[in-house]
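Only one structure is covered here, and it is reproduced in the block below.
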Amino acid sequence: MAKEKLIIIGSGPAGLTAALYAARAELQPILFEGQQAGGQLTMTTEVENFPGFPSGILGTDLMSLFKKQAERFGTRVMSETVVDVDFSVPIFSVKTDKETYQAETVLIATGASAMWLGIPGEQEYQGRGVSACATCDGFFFRGKEIVVSGGGDAAMEEALFLSRFVDKITVVVRRDELRASKIMQERVKKNSKVSFLWNTEIREVLGDGQKLTSLRLWNNKTEEESIFLTNGLFVAIGHKPNTSLFEKWIALDEKGYIRCEEGSTRTNIEGIFAAGDVADHVYRQAITAAGTGCMAAIDIERWLGSR
Amino acid sequence: MSELTLTTDNFDFHVLQADRPVLVDFWAPWCGPCKMMGPIVEALAHEMENVVIGKVNVDDAPEIAQRYNILSIPTFIIFKGGQVIDQFSGSMTKETLRVRLEHHVK
């Protein structure tokens with residue numbers, strides 16, 4: 001089996017920036033894209049805050065450019081998903097849905113994924129009324145009534161975006177207030193299509209076998225249960241880092257993110273590095289992910305050089 | 001074989017009357033995950049024999065999307081003998097899609 005210098009897991013801004021730097025440093029990196037090539041930015045529309053694009057750029061277009069630039073210097077980008085890793089001994093093993101690879105260093109840049117409610121019916125009706133991507137699916141709910149679950153900025157953004165298409169939006173919030181920033185709260189509260197259900201939890205997604213038709217709700221103050229008729233449910237309750245493959249090996253912080261040495265991208269295992277949202281619950285921006293991806297490539301190059 | 005562009009005019013002929021299994025990719029140009037899946041689906045169309053692969057732009061053919069209750073994209077439907085035998089949504093790798101498809105081709 002060929003021994004790689006560097007395997008990069010993840011194809012968002014962190015992974016592809018690390019790939020660009022590592023390829024230019026002649027480490028011939030191999031990068032596994034995973035199930036969501038391009039990462040979280042592919043679920044958005046216009047990215048307005050990435051420097052260098054003064055009139056904005058589509059998330060997918062930005063990620064295509066990242067990939068092109070990484071490939072220009074020899075990165076091998078593979079449409080494969082990592083299903084297991086073995087970090088027990090140096091010369092680490094990374095198993096994908098196709099093959100097993102070995103490398104001297106591994107960069108974990110698997111990012112974070114949208115969380116689901118984990119209630120009955122939610123999975124069954126995914127793509128049939130349940131969605132975590134307003135920009136992908138909002139179009140299909142033109143003239144309909146939908147529910148948004150969540151009280152943070154992400155939920156407010158989803159609601160505002162969806163208000164372009166749908167007739168009525170009910171935001172279901174577990175607490176009696178929003179976690180979202182003041183500016184987002186004001187924007188949403190001004191929108192005449194949006195109303196709120198406070199102290200309310202969604203307990204079950206109900207449907208007719210073909211598509212979602214209603215939700216079973218529970219008021220955690222009055223302890224009353226009700227059935228709420230709706231056409232769609234958009235879940236926006238936050239993100240969780242994609243660490244399940246690594247938990248066994250890598251030290252995580254109390255929030256479940258990968259813990260790196262202060263000011264570096266080194267993890268608790270020599271030769272394993274982490275960058276981007278998987279190791280950052282504070283900033284979570286495309287530009288900061290790209291920044292730590294660059295740091296990781298430099299850390300890795302020096303680490304390999306020092307041995 | 002190259003990927004077919006399916007429209008309301010040719011959908012029944014290419015999909016429902018096909019003598020082989022058909023994978024249909026429902027997509028739109030404004031959908032990020034769809035755009036990432038585009039080249040993957042196209043590559044599979046070239047690599048896989050015994051299966052027809054086509055795409056429906058839901059902007060151009062909303063009636064087809066409606067007929068199959070599409071509420072999310074990308075959605076993939078596998079047809080056999082004119083019947084829906086599998087339907088799934090969201091982005092995935094080429095390997096995942098290939099395995100899912102091969103399962104129905106054999």
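Only one of the listed residues (A:GLU104, A:GLU80) is in contact with a Lys or Arg (Cβ under 7 Å, 6 or more places away or on another chain) and within 10 Å of chain B (Cβ to nearest Cβ). That residue is A:GLU80.
Kindly indicate the residue of the stretch A:280-307 that is farther than 17 Å from A:THR105 by Cα and of a type in the set (A, V, I, L, M) and also surrounded by the most Cβ atoms within 10 Å (Cβ to Cβ) among those meeting that condition. If we take residues in the stretch A:280-307 being farther than 17 Å from A:THR105 by Cα and of a type in the set (A, V, I, L, M), then A:ALA289 is surrounded by the most Cβ atoms within 10 Å (Cβ to Cβ). Against the numbered list (1) assigned to a loop (DSSP other than H, G, I, E, B); (2) free of Cβ contacts under 8 Å to residues at least 40 places away in the same chain, A:ASP61 comes up short only at (1). Only helices (runs of 4 or more DSSP H) whose full extent lies in chain B are considered here, and the ones with at least 1 residues that are more than 8 Å from chain A (Cβ to nearest Cβ) and under 23 Å from A:GLY38 (Cα atoms) are B:32-47, B:94-105. From the list A:GLN28, A:GLN35, A:GLN69, the lone residue that is touching a Ser or Thr at 6+ places or on another chain (Cβ under 7 Å) and either surrounded by fewer than 24 Cβ atoms within 10 Å (Cβ to Cβ) or farther than 29 Å from B:PRO74 by Cα (or both) is A:GLN35. Being more than 21 Å from the chain's Cα centre (by Cα), closer than 28 Å to A:VAL47 by Cβ and surrounded by fewer than 22 Cβ atoms within 10 Å (Cβ to Cβ) holds for only one residue in A:LYS211, A:LYS189, and it is A:LYS189. Residue check: is A:ALA23 closer than 16 Å to A:PRO241 by Cα, among the aliphatic types (A, V, I, L, M) and either more than 13 Å from every other protein chain (Cβ to nearest Cβ) or in contact with a strand residue (DSSP E or B) (Cβ under 9 Å, 6 or more places away or on another chain) (or both)? So A:ALA23 fails the test. So for the stretch A:78-100 (the condition being of a type in the set (Val, Ile, Thr), surrounded by fewer than 18 Cβ atoms within 10 Å (Cβ to Cβ) and not in a strand (DSSP E or B)), does at least one residue qualify? So far as the stretch A:78-100 goes, yes, one or more of its residues are of a type in the set (Val, Ile, Thr), surrounded by fewer than 18 Cβ atoms within 10 Å (Cβ to Cβ) and not in a strand (DSSP E or B).
For the stretch A:215-241, the set of residues classified as part of a loop (DSSP other than H, G, I, E, B), in contact with a helix residue (DSSP H, G or I) (Cβ under 7 Å, 6 or more places away or on another chain) and within 14 Å of chain B (Cβ to nearest Cβ) consists of A:ASN231 only.
Could you tell me whether any residue of the stretch A:287-303 is among the basic types (Lys, Arg) and part of a helix (DSSP H, G or I)? Yes, some residue in the stretch A:287-303 is among the basic types (Lys, Arg) and part of a helix (DSSP H, G or I). Can you name the residue in the stretch A:107-152 that is at the interface with another protein chain (Cβ under 9 Å from one of its Cβ atoms) and of a type in the set (D, E, K, R) and is also farthest from A:PHE32 (Cα to Cα) among such residues? Filtering first and then ranking leaves A:ARG128. Restricting A:GLU157, A:GLU124 to those that are surrounded by fewer than 24 Cβ atoms within 10 Å (Cβ to Cβ), not in a strand (DSSP E or B) and not assigned by TED's automatic domain parsing to the domain that holds A:ASP208 reduces the list to A:GLU124. I need the full set of residues from the stretch A:164-183 which are buried (at least 19 other Cβ atoms within 10 Å of the Cβ), farther than 19 Å from A:ASN219 by Cα and either away from chain B (no Cβ under 14 Å) or under 20 Å from the mean Cα position of the chain (by Cα) (or both), in order please. Scanning the stretch A:164-183 gives a single hit, A:ALA180.
Within the stretch A:83-101, being within 14 Å of another protein chain (Cβ to nearest Cβ) and among the aliphatic types (A, V, I, L, M) holds for one residue alone: A:VAL83. Restricting attention to the stretch A:96-130, which residues are in contact with a Leu (Cβ under 7 Å, 6 or more places away or on another chain) and not aliphatic (A, V, I, L, M)? Listed by number, the residues that qualify are A:GLU104, A:THR105, A:GLY121, A:TYR125, A:GLY127, A:ARG128, A:GLY129.
The values are calculated or read from the model by the stated rules, or taken from the named source; none is laboratory data. Here the structure is a predicted model, which is why all the values come from computation and not from measurement. Backbone-built Cβ (ideal geometry, glycine too); neighbour counts: all protein chains shown.
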